[in-house]
Structure formats: C-alpha cells, structure tokens
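Here the structure comes first, spelled out in structure tokens, and everything after it is commentary.
The values are calculated or read from the model by the stated rules, or taken from the named source; none is laboratory data. All values derive from a computational prediction rather than experimental measurement. So basically every Cβ, Gly included, is an ideal-geometry build from the backbone, and we count neighbours across all protein chains shown.
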Amino acid sequence: MMKRTNLYRWLGVAMLAASAASSALAADHAGDVAVSAREGQLKLGGQRLEIHGLTGFNIYRADLGDLFHGPWATSNPGFQTQGTERLKPGVEIGFEGLGALSFWDGVRWNLAPQGTQLRVSDYLEADSIWTAAGVSHGTSQLLGEATASGKLHEHLVFSITEGAALGAYQITLRLTSADYLSSDPFYMVLNRGLDDASFQRAREAFIQTSPVPEPASAAILALGLVLVWVSSRRRQAGRRATHSTRGLAIT
C-alpha cells in the first residue's frame, strides 16, 4: 500500500510540473518582442524595451551566451503575439536586416572591429550576417508562421564571432510579411561579457546617439561633403578672380 501511495504521489507531482511547464510556455514572456498588427502594418511592443531618443524606434536587449547555445550565442528575445493580439492565421513573418554592425567599446559607439560578425539564424537555419561593412542576407529571412488561431511565438538565434571583443553590439532589423506592411525598424543591443551596470551605460549612450549609418549612406554623406567643399572652393576662386578684375579696371 505504501509503495502504491508513493507512486500516485510522484505521478501527481509530475502532472503538476507538466501543467506548470505548459502554462509557462503559453504565457506572455516579459522580455520578448510583442508582435501585433494595426491598420495593415506590423507593430512591435513589449514590456522590456527602451526608446531611441532621435528616431523613436524600439530598442530590445539580450545577453550573448546562454546554457543552451553556449558562450557566444542566444535565442532571446523571442517574438510573440501577446495578450489577445492575433495575426492572420498561417501568415508568414520574416525579417530584414538594415545598417551595419556597431560596437560599444566602453567610451563610444562606432563600427564594429574588422573581422567581427554577428549572425542571425532564421527558422530555416539560414544565416544573415552583420559586419562593419553592412548586412549579407541569408537564403531566407523567415521568423516563423502564425498558428491557425493567429498566435506567433518564435525565436531567432543571435551569435557573435568567437573571441569577439568585450562590449555591446548593435544591429537594426524590421519585420516583414507579404500580408502586412513592414514594421518600423528596431534595434537589438546585445551584451558580450559586460556586467549589468556597464551594459546599462552602453544602452543609455546608444539611446542618446545617432545610430551608425549604413556604409552606403556614409559614402553618400561623405560625397555630399566633398561636393560642398568643392563648390565652396569654386565660389572663393570666383570671388578672387572678380576682385582681381576690378583692380585691373581701376588701374
């Protein structure tokens, strides 16, 4: 009788644990990116986000290195419809990479060191790669597919080059879909080995600074500055020629 009672007790504990695990999987995750749709456009929210001071875009954070993926990668945060939010049943949600990989060295944000890559592996395990030179998209950029009831809960895998410098890394993305307009861009700031206080300082600095432009944008900006300089030099040369001509005419 004692053995039977103990067996039932352990079965009950196991059933309660399984029920709790199931509830946890179904629950809203505070750190996840909340995904919804409004007026035909994908919208993003969540309980753990910050807002960029200049662009107004959302900033999400993660720590590179976890028990499942090892010291150089993480699958957090996830992307989830939360509360009563629902997407179109079966809709596919993808992502697009923007900009370049930037890096916080403890003093300022700038382009990441040469040779450093941040990979984002999608639902099909295809890698999109951010470097200081920009983004190289994988053969697919699929986040996942909504269920028949319109729910979405998927994870991308973020990984940094092994041996990457200690600091914070930042990439820019937006969610895409054939059924909705793309979301606004959003920023992912990923911690590589900083303590909590140092990582917070990195995020606070990012909130107040201009995001590092895409290489193409930087080149266009540089070209524009060169053209302005050339135009200024020409105007100055024209003024000098005019003054010389006037001086000759008076003589």
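Has the stretch 154-172 got at least one residue that is without any contact (Cβ under 8 Å) to a residue 60 or more places away in the chain, under 12 Å from Leu98 (Cα atoms) and assigned to a loop (DSSP other than H, G, I, E, B)?
Scanning the stretch 154-172, I find no residue that is without any contact (Cβ under 8 Å) to a residue 60 or more places away in the chain, under 12 Å from Leu98 (Cα atoms) and assigned to a loop (DSSP other than H, G, I, E, B), so the answer is no.
Could you list all residues from the stretch 93-116 that are acidic (Asp, Glu) and either buried (at least 17 other Cβ atoms within 10 Å of the Cβ) or under 15 Å from the mean Cα position of the chain (by Cα) (or both)? Selection gives Glu96 alone. Among residues of the stretch 55-68 that are under 15 Å from Val33 (Cβ atoms), those with a beta-carbon under 9 Å from a residue that is surrounded by fewer than 17 Cβ atoms within 10 Å (Cβ to Cβ) and among the hydrophobic types (A, V, I, L, M, F, W, C) at least six positions away or on a different chain give the pairs Phe57/Ile51; Asn58/Ile51; Ile59/Ile51; Ile59/Ile207. Of the residues examined, Ala126 is one that is surrounded by fewer than 20 Cβ atoms within 10 Å (Cβ to Cβ), over 15 Å from the mean Cα position of the chain (by Cα) and modelled with pLDDT of 95 or more. Out of everything in the stretch 55-68 that is in a loop (DSSP other than H, G, I, E, B) and modelled with pLDDT of 95 or more, what residue ends up being nearest to Glu162 (Cα to Cα)? Across the stretch 55-68, the extreme among qualifying residues is Leu64. Picking from residues in the stretch 70-90 that are in a strand (DSSP E or B) and of a type in the set (Gly, Ala, Ser), the one that is surrounded by the fewest Cβ atoms within 10 Å (Cβ to Cβ) is Gly70.
Got at least one residue in the stretch 32-43 being outside any strand (DSSP E or B), at pLDDT 95 or above and of a type in the set (Asp, Glu)? Scanning the stretch 32-43 turns up at least one residue that is outside any strand (DSSP E or B), at pLDDT 95 or above and of a type in the set (Asp, Glu).
One residue alone among Ala178, Ala146, Ala133, Ala165 is farther than 30 Å from Val107 by Cα and surrounded by fewer than 17 Cβ atoms within 10 Å (Cβ to Cβ), and that residue is Ala178.
The requirement of being within 29 Å of Asp28 (Cβ to Cβ) and part of a loop (DSSP other than H, G, I, E, B) is fulfilled somewhere in the stretch 91-99, by at least one residue. Among residues that are in the same structural domain as Gly94 (by TED's automatic domain parsing) and either closer than 17 Å to Asp63 by Cα or in contact with a Phe, Trp or Tyr (Cβ under 6 Å, 6 or more places away or on another chain) (or both), Ser159 is included.
Are any of the residues in the stretch 120-140 assigned to a loop (DSSP other than H, G, I, E, B), within 22 Å of Asp28 (Cα to Cα), in contact (Cβ under 8 Å) with a residue 40 or more places away in the chain and among the aliphatic types (A, V, I, L, M)? No - not one qualifying residue is present in the stretch 120-140.
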